[in-house]
1. Are there any pairs with C-beta distances below 8 angstrom linking a residue in segment 192-212 that is closer than 18 Å to residue 283 by Cβ and modelled with pLDDT under 95 to a residue that is among the hydroxyl-bearing types (Ser, Thr, Tyr) and open to solvent by less than 20 Å² (accessible area, probe 1.4 Å), with the two at least 6 apart or on different chains, and if so which?
2. Of all residues in segment 253-276, which are of a type outside the set (Val, Ile, Thr), touching a Gly at 6+ places or on another chain (Cβ under 9 Å) and closer than 24 Å to residue 211 by Cα?
3. Checking residue 108 against (1) closer than 21 Å to residue 137 by Cα; (2) in contact with a strand residue (DSSP E or B) (Cβ under 8 Å, 6 or more places away or on another chain); (3) open to solvent by 10 Å² or more (accessible area, probe 1.4 Å): exactly one of these is not met. Which one?
4. Picking from 155, 126, which residue would you name as being under 20 Å from residue 42 (Cα atoms) and touching a residue at least 12 places away in the same chain (Cβ under 8 Å)?
5. Taking the conditions exactly as written (in contact with a Lys or Arg (Cβ under 6 Å, 6 or more places away or on another chain) and not acidic (Asp, Glu)), does residue 257 satisfy them or not?
6. Could you list, in sequence order, the residues of segment 251-269 that are part of a loop (DSSP other than H, G, I, E, B) and either under 15 Å from residue 207 (Cα atoms) or of a type in the set (Lys, Arg) (or both)?
7. I need the full set of residues from segment 77-122 which are over 21 Å from residue 63 (Cα atoms), part of a strand (DSSP E or B) and β-branched (Val, Ile, Thr), in order please.
8. Exactly one condition in (1) under 28 Å from residue 308 (Cα atoms); (2) surrounded by 18 or more Cβ atoms within 10 Å (Cβ to Cβ); (3) in contact (Cβ under 8 Å) with a residue 60 or more places away in the chain is false for residue 95; which is it?
Amino acid sequence: MSTSHEHGVPPGANGRGRAPSTGRGRRRGAGKRFLVVGDVLDGILVETSASATGVHDPAASIRHRSVGAGGNTATWLGWLGVHVDLVARTGVDDVHRHERGLADAGVRAHIRYDALSSTGSEVSVRTLDGRTSMSDPAAAGVLSAADVPADLVDRADIVHLTGTGLLTGGGAQRVAELVARVRGGRARVSLDPSSVAVVQSLGARDLLEALAGVDVIFPGRAEALALSGASDLREAVRRLTEHVPLVVATDGAEGSVVGRPGRTPQRVAATPATVVDTIGAGDAFAAGFLRAWATDPVRIGSAAHEGSRVAARALGFVGGRPPA
């Protein structure tokens, strides 16, 4: 049996989540309302020098963290001091634990629970050769358009859809239903494809069709190339603007490439950063961009710079959410 449950705490109730002034009076994005619909997962983050199975590494660093692109993006928006709601789904036993953590980060959580599914989980292993991630969306994979309250959509200025767990379960049709659910109001709609696995699972053509009504997408380099079929990032962004009016493709240390229909895609430089861990950097970028774009939709380059600034902060520590 599946049941819905939600509980919320006003953002900033504990005095955290306040961003410094931009020097132009009110913070950019202040007074706007954000709604994130995405995944909230339990994560195990492993750092090891072992590069093959069958090797025991007693010096490995193993951390337990709350992860998931939905929770990550929402908490970065809370850290930036704006009003943010999050709709997600977890197992019944984990609702209050995740609600408390999100509330502490300035997020008003509306967590549905599923008595038949456990909370989704992700294991991320970083070796000297790179990172391997494995995820089981579980409850996050059955969150549907019906779980998104109409009143939250009606009040939002921007609705952001994100998370591999959210987007892969139910195929492209469920993505289309989620987009249709949130695009009927006054809010602008953004979507982060989240991973190449999403594109491969849903199919590039079907996913692009499901994006009808989305105002901006945030693919990483790999997702942009997979979605567009191009071999060059600028060309990928140009092709994607035939489907979505604003494309902001992140490209790691190379910054981002921004595209709009009929215009040459432009590269925006990355903010210099000391890289400790890359988990959640794209989610932080989306949060920074959306906060700036909310009140100044014309200055796309400035919004991309703000996204890069927040992403640089995220790169400086382990885990995908702001530090306590």
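1. Qualifying pairs under 8 Å: 194/162.
2. Hits for segment 253-276 are 256, 265, 266, 267.
3. That leaves (1) as the condition not met.
4. 126
5. Values: in contact with a Lys or Arg (Cβ under 6 Å, 6 or more places away or on another chain): yes; not acidic (Asp, Glu): yes.
Taking the combined requirement at face value, the residue satisfies it.
6. We begin by selecting, within segment 251-269, every residue part of a loop (DSSP other than H, G, I, E, B); these are 251, 255, 260-265, 269.
Across segment 251-269, the qualifying residues are 260, 263.
7. 84, 87, 107, 111
8. (1)
The values are calculated or read from the model by the stated rules, or taken from the named source; none is laboratory data. The structure displayed is predicted, hence computed values, not measured ones. Glycine gets a Cβ as well: all are built from the backbone with ideal geometry, and neighbour counts include every protein chain shown. Surface accessibility is based on the protein's heavy atoms, side chains included, excluding ligands, DNA and RNA. Shrake-Rupley method; radii C 1.70, N 1.55, O 1.52, S 1.80 Å.
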